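*Asks:* This structure is in structure tokens; I'll ask about it shortly.
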Amino acid sequence: MRGNPQKQEHRDEARSNDVYAKSKVPRLPSHPRRQKSFFETLIRSLIILCVAIAVVLSSISVCDGRWLLARGQLLGLWHLCTLSNSSVLKCVTDLSLSQVEGLSVGVIPIRTMVSFAVVVAIFGLELLMVSQVCEDANARRKWSMGSVLILVSFLLSATGVLSFSILVKDHLTFMGFTLTYWCEFIAAFLFFLNGISGLHINSLTHPRSGVGKV
């Protein structure tokens, strides 16, 4: 038996009305990609550059490791060097031969912290660079994570520098600090400055007031 042609006509008409109604549903406007200002691009580039300089300074300081000159000895993270009469450095890895009590044991966590600070800073720097090269939906999150890692590097390096100063406090002189020590000190300061600046510029340029609004 064939169906009623009048009913079939009503079904086709209702189906066409549904298709027409769906086509008339307004679509949400897509948000265009926010264009960065020249000032914002310059600030972010300077932050990345300063972090890269801090990583280089910290790497040099950790690899050399000779941080303090005291009583004819160069005290450091890895070696103990003694100045002879012929102005030739004689370096040994046995830090227990130094005149500082507990140096051989106390320097182990210090060099672990400052070494790990360099590694964390490298990952943070990579996230900062990737967030600027690949400007996708997660660029802001990558920048924030990179800035947090830079602050973690500051905490590690600053703790290492402070712990070394406390460990050799009886031999401290202002002129006794070597250039590599000041490299680590400056690197820790740059880590702090750029980590805070990175989070601040991210909060200024990506306000959260519009989050959640349709």
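The values are calculated or read from the model by the stated rules, or taken from the named source; none is laboratory data. These figures come from a predicted structure and were not determined experimentally. Backbone-built Cβ (ideal geometry, glycine too); neighbour counts: all protein chains shown. Surface areas here come from the heavy atoms of the whole protein model, side chains and all, with no ligands, DNA or RNA. Shrake-Rupley method; radii C 1.70, N 1.55, O 1.52, S 1.80 Å.
*Asks:* Kindly list, by first and then second residue, each pair from a residue in the stretch 133-157 that is outside any helix (DSSP H, G or I) to a residue that is modelled with pLDDT under 90 and polar (S, T, N, Q), limited to pairs with Cβ atoms under 9 Å and residues at least 6 apart or on different chains.
*Replies:* As it stands, the answer is N138/S131, since those pairs meet every condition given.
*Asks:* Within the stretch 117-131, which residues are in contact with a Leu (Cβ under 6 Å, 6 or more places away or on another chain) and open to solvent by 60 Å² or more (accessible area, probe 1.4 Å)?
*Replies:* F123 - this is the single residue of the stretch 117-131 that is in contact with a Leu (Cβ under 6 Å, 6 or more places away or on another chain) and open to solvent by 60 Å² or more (accessible area, probe 1.4 Å).
*Asks:* In the set F154, F189, F164, which member is surrounded by 21 or more Cβ atoms within 10 Å (Cβ to Cβ), more than 12 Å from the chain's Cα centre (by Cα) and either closer than 24 Å to L57 by Cα or not β-branched (V, I, T) (or both)?
*Replies:* F164
*Asks:* Another question, then. Can we say C134 is over 12 Å from the mean Cα position of the chain (by Cα) and either crowded, with 22+ Cβ neighbours inside 10 Å or modelled with pLDDT of 90 or more (or both)?
*Replies:* No, not satisfied.
*Asks:* Can you confirm whether V114 is open to solvent by less than 50 Å² (accessible area, probe 1.4 Å) and β-branched (V, I, T)? Step through it out loud before you land on a result.
*Replies:* Working: open to solvent by less than 50 Å² (accessible area, probe 1.4 Å): yes; β-branched (V, I, T): yes.
Judged against the criteria, V114 is a match.
*Asks:* Here are T173, T82, T93: which of them is surrounded by 13 or more Cβ atoms within 10 Å (Cβ to Cβ) and not hydrophobic (A, V, I, L, M, F, W, C)?
*Replies:* Details: T173 fails: surrounded by 13 or more Cβ atoms within 10 Å (Cβ to Cβ); T93 fails: surrounded by 13 or more Cβ atoms within 10 Å (Cβ to Cβ).
Only one candidate passes the filter, namely T82.
*Asks:* Hey, can you tell me all the residues within the stretch 96-120 that are in contact (Cβ under 8 Å) with a residue 40 or more places away in the chain and closer than 28 Å to L190 by Cα?
*Replies:* Start the filter on the stretch 96-120 by keeping residues that are in contact (Cβ under 8 Å) with a residue 40 or more places away in the chain, which leaves 99-100, 102-103, 106-107, 109-111, 113-118.
Hits for the stretch 96-120 are L103, G106, V107, P109, I110, R111, M113, V114, S115, F116, A117, V118.
*Asks:* Shifting gears a bit: Output the residue which, of all residues in the stretch 137-151 that are open to solvent by 60 Å² or more (accessible area, probe 1.4 Å) and at pLDDT 90 or above, is nearest to M113 (Cα to Cα).
*Replies:* V148
*Asks:* Determine which member of the set G146, G106, G160, G176 is under 30 Å from S37 (Cβ atoms) and of a type outside the set (V, I, T). Can you show your working first?
*Replies:* Details: G106 fails: under 30 Å from S37 (Cβ atoms); G160 fails: under 30 Å from S37 (Cβ atoms); G176 fails: under 30 Å from S37 (Cβ atoms).
That would be G146, the only listed residue that is under 30 Å from S37 (Cβ atoms) and of a type outside the set (V, I, T).
*Asks:* Determine whether the stretch 183-202 contains at least one residue that is free of Cβ contacts under 8 Å to residues at least 24 places away in the same chain and of a type in the set (S, T, Y).
*Replies:* Within the stretch 183-202, not a single residue is free of Cβ contacts under 8 Å to residues at least 24 places away in the same chain and of a type in the set (S, T, Y).
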